[in-house]
Amino acid sequence: MRRRIDKIVLAVGLFVIVLVIVLGILTSLVSAYGGSTELVRVYDVIAYPCFVFGIILVMGGLVAIILPEGPSKDGVWVLKTGPYI
């Protein structure tokens, strides 16, 4: 079940990134045809947070696929003890 969720998160992240890019191209084409730049400015406000959210989802999905059990026990112990080893 956990592996399936990891792949779903990765796929959703990739879908969001591709959607933002395709809609950006379409918005630019409509703006160029219509001659108004207001549409592009409005789209930029929505596109940047969606693009960042997609990148975060992709990175989270990749990390979950690469490290299915989380960080190693030794790494967690070192993080807990800090510089006092």
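The values are calculated or read from the model by the stated rules, or taken from the named source; none is laboratory data. Just so you know, these numbers come straight off a predicted model, no measurement behind them. To get the accessible areas, we keep the full protein, side chains included, count just its heavy atoms, and leave off ligands, DNA and RNA. Shrake-Rupley method; radii C 1.70, N 1.55, O 1.52, S 1.80 Å.
Figures for the structure shown
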quantity: Helices (runs of 4 or more DSSP H) wholly inside the range 1-81 that include at least 2 residues being at pLDDT 85 or above and under 10 Å from the mean Cα position of the chain (by Cα); calculated: 2-34, 38-66
quantity: Enumeration of residues in the range 10-43 that are under 30 Å from Ile66 (Cα atoms) and open to solvent by less than 50 Å² (accessible area, probe 1.4 Å); calculated: Leu10, Gly13, Val16, Ile17, Val20
